[in-house]
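K.L.:
Please read through the structure below; I'll follow up with questions.
The values are calculated or read from the model by the stated rules, or taken from the named source; none is laboratory data. Only a predicted model underlies this, so the values are computations on that prediction, with no experimental measurement involved. All Cβ positions, glycine included, derive from the backbone under ideal geometry; neighbour counts span all protein chains shown. Side chains included, ligands, DNA and RNA excluded: accessible areas come from the protein's heavy atoms. Shrake-Rupley method; radii C 1.70, N 1.55, O 1.52, S 1.80 Å.
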Amino acid sequence: MKVAVVKYNAGNIFSVMNALRRLGVEPMLTDDPKELQHADRVVFPGQGEASTAMTYLHEHGLDAVIRSLRQPVLCICIGQQLLCKHSEEGNVDCLGVFDVEVKRFNPTRHEDKVPCMGWNSLYDLQSGLFAQLSAPATDVLPYVYFVHSYFVPVCSETIAKTNYILPYSAALHKDNFYSTQFHPEKSGSVGEQILKNFLML
């Protein structure tokens, strides 16, 4: 299987590549449109700032390439936010795959810190991306790792939720695009299962 990881000016790319290698996949890091379009799977990861990332994508033509992809695509953290219509971070228009706006957390209590950083549980799982992770009979919820100051509100494309200050979208799905606000590559065995599920979609 040919798995391409989108090369752009965002952090955490190599953690994702190492997580894929642990699953027996040798990913290809590339910003070449043809290589991205002909891969079996594409991963769009990252940590960074939305307006800076969108400027880079525009300048390198990657915005149009990502929107044109037809194979399964997994977008992680800022990758999820960049798939949305607009982000309050830098007041920037994004890729528009998901018709929803990214918002900044607005803490109302002293204990609510921004950025949100650490482990949190997922619930209302509604996709094959989370196969073998839900156990309703025992009420065991999968825990995953988050680091972010902005969030995607719950919407029609939400396939997993979590709570921090308010309920929000932990993951989204539309057509061939899947995304997670959390970092599966940093989420232990749960994250490994999610990546494995993505490769099997």
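K.L.:
Grab the DSSP H runs of the chain that are 4 residues or longer, score each as -39,500 (n - 2.57), total them, divide by all residues and round the 222 nm result to the nearest 500 deg cm²/dmol.
P.N.:
Working: 6 runs with 51 residues, N = 201.
Calculated mean residue ellipticity at 222 nm is -7000 deg cm²/dmol.
K.L.:
Sticking with this one: How far, in nm, would the chain grow between residue 200 and residue 163 when pulled straight, counting 0.36 nm per residue and subtracting the alpha carbon separation?
P.N.:
Gain on stretching residue 200 to residue 163: 10.5 nm.
K.L.:
Under the rule of at least 5 residues apart or a separate chain, name every residue whose amide H is placed under 5 Å from the amide H of residue 98.
P.N.:
84, 85
K.L.:
Then there is this: Per residue of segment 182-187, what does 6.51 cos²θ - 1.76 cosθ + 1.60 with θ = phi - 60° give for ³J(HN,Hα)? Whole Hz please, x for Gly and Pro, Karplus curve as stated.
P.N.:
7, 9, x, 5, 10, 10
K.L.:
Suppose each label sits 7 Å from its Cα in the direction of the beta carbon; what would the residue 156-residue 88 distance come out to in nanometres?
P.N.:
2.4 nm
K.L.:
Compute the length gained on full extension between residue 124 and residue 60: take 0.36 nm times their separation in residues and subtract their Cα-Cα distance, giving the result in nm to one decimal.
P.N.:
Gain on stretching residue 124 to residue 60: 19.3 nm.
K.L.:
Could you check what % of the DSSP bridge pairs in the chain are antiparallel, to the nearest 5?
P.N.:
Of those bridges, close to 60 percent are antiparallel.
K.L.:
For the chain, give the percent of accessible area contributed by carbon and sulfur heavy atoms, probe 1.4 Å, rounded to a whole number. Walk me through the intermediate numbers first.
P.N.:
Values: 4400 of 8900 Å².
C and S atoms contribute 49 percent here.
K.L.:
May I ask you to give the solvent-accessible area per residue for segment 1-127, in square angstrom, as obtained with a 1.4 angstrom probe?
P.N.:
46 Å²
K.L.:
Right, something else. Counting Lys and Arg as +1 and Asp and Glu as -1, each charge on the Cβ, what is the dipole of the chain about the Cα centre in debye, to the nearest 20?
P.N.:
Numbers: 17 positive and 21 negative charges, 72 e Å.
The calculated dipole for the chain is roughly 340 debye.
K.L.:
For segment 42-123, which GluC sites (Glu not before Pro) are in a loop by DSSP, counting at most 15 other Cβ atoms within 10 Å?
P.N.:
88, 111
K.L.:
For segment 113-196, what does the relative contact order come out to in percent, with C-alpha contacts under 8 Å and a separation of six or more?
P.N.:
Relative contact order comes out at 30 percent.
K.L.:
Select from 118, 24, 61 the residue whose mean-square fluctuation is largest in a Gaussian network model of the chain (Cα-Cα springs shorter than 10 Å).
P.N.:
24
K.L.:
Hey, what do the phi angles of segment 92-102 turn into as Karplus ³J(HN,Hα) couplings, whole Hz, using 6.51/-1.76/1.60 and θ = phi - 60°, x for Gly and Pro?
P.N.:
10, 6, 10, 6, x, 5, 9, 8, 8, 9, 7
K.L.:
Could you sort 21, 70 by their accessible area in this structure, using a 1.4 Å probe and putting the largest first?
P.N.:
The most accessible residue leads, giving 70, 21.
K.L.:
Given contacts defined as C-alpha pairs under 8 Å and at least six residues apart, what's the relative contact order of segment 9-142, whole-number percent?
P.N.:
Worked out over segment 9-142, it gives 17 percent.
K.L.:
Right, something else. If the cut-off is a Cα-Cα distance under 26 Å, which lysines reach residue 186, setting aside same-chain residues fewer than 8 apart in sequence?
P.N.:
Within reach: 2, 7, 103, 113, 161, 174, 196.
K.L.:
Where in the chain are the DSSP H helices whose alpha-carbon span along the long axis reaches 15 Å or more and whose Kyte-Doolittle mean is at least 0.0?
P.N.:
Membrane-span-like by this rule: 188-200.
K.L.:
For residue 132 and residue 22 in the same chain, what is the full-extension length gain: residue separation times 0.36 nm, less their Cα-Cα distance, in nm?
P.N.:
Length gained between residue 132 and residue 22: 37.7 nm.
K.L.:
Looking at segment 90-125, which trypsin sites (Lys or Arg not before Pro) are in a loop (DSSP not H, G, I, E or B) and have at most 14 other Cβ atoms within 10 Å?
P.N.:
Those satisfying the criteria are 109, 113.
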